[in-house]
Every structure is written in structure tokens, then in C-alpha cells.
Amino acid sequence: MIYSNSLIYIEIHESEIPWLKIFTHTPHKEFSECSIDEKKAIWDSLDIIEKEILEYFKPNKINIASFGNMLPRVHWHIMGRFESDSYFPEPMWGVKQREGFELEAPMEPFLEKVKRELDSRLN
């Protein structure tokens, strides 16, 4: 877990690409069940994470998803996608297209910046 407050928490999804997930502490099944405060925390977090991924990693595209089929509770995926990543243009759950992708920048400075921004805007 890289961040938590009373409404949400954020985790890293182990992957070759920058990929974070936002969860509500309360295990809502659908987004419409979330309180206004939870929704605001989710949207603010999505905004912060997307902007930080764009600035730091400079991906070709950001993917944001909320399915909940395998894990039927409110959670959001935010991924930085690269034309050279192993699955592009497929979704990360799709058919692997190639081998050998590696991020050009380390995750740690990115995660520290995201934590600072989340602390500043959500606390």
C-alpha cells in the first residue's frame, strides 16, 4: 500500500508498467453506493495519479478502468501504457504481443511524488 486515509487506499499492481489501484475501505459493490466524500477522494486520486504518470513516465496513453468482475467491489486501475509494452495495443489482461519491455525510469521517485501529492490534496 502506498497511501491510505479514512476513505480510500492505493496499492501498486505488480507489472512491467506503472499501474496503481484505488480502493474504498468500505467494500461497496458499485460506485453509486459510495458516499460523496468517497467519490471525491477517488476522482482526486485518479487526477493526481494520471498527471504524475504522464509527467514522470511520459507514456503513450493512460488507461483507467473499473470492472469489478473478478473482485466485485469498488476499485479503479490507472495504468501508463507504452507502444512498446508487452501487451500494447491489447489491454493488460489481453494477449501478450512481445517480450522485453522495461521502464526507462525507476518507480521509487514516482511513488514518492504521488504520496506527497496525495497527502497534500487529500489530507
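Every number in this text was worked out from the coordinates using simple rules, so none of it is lab data. On a predicted model such as this, the values are computed, not experimentally measured, just so you know. As a convention, Cβ positions derive from the backbone with ideal geometry for all residues, glycine included, and neighbour counts pool all protein chains shown.
Projecting label points 7 angstrom from Cα along Cα→Cβ for residue 58 and residue 31 puts them 3.1 nm apart. For the chain, the normalised intensity computed at q = 0.09, 0.13, 0.21 Å⁻¹ comes to -0.25, -0.52, -1.22 (log10 of I(q)/I(0), Debye sum over alpha carbons, equal scatterers, no solvent). Against the chain, whose longest principal axis is taken from its Cα atoms, helix 107-122 shows a tilt of about 20°. Given their separation in residues at 0.36 nm each and the Cα-Cα distance between them, residue 6 and residue 86 gain 25.2 nm when the chain is fully extended. Spin-label model, residue 104 to residue 123: label points 7 Å out along the Cα-to-beta-carbon direction sit 3.3 nm apart.
For segment 14-109, state which chymotrypsin sites (Phe, Trp or Tyr not before Pro) are in a DSSP loop and have at most 12 other beta carbons lying within 10 Å of their beta carbon. List each step's numbers first, then the result.
Numbers: sites: 19, 23, 31, 43, 56, 57, 67, 76, 82, 87, 93, 101; in loops: 67, 82, 87, 93, 101.
Filter output for segment 14-109: 67, 93.
In the elastic network of the chain, a GNM with C-alpha springs shorter than 10 Å, the most mobile of 78, 22, 12 is 12.
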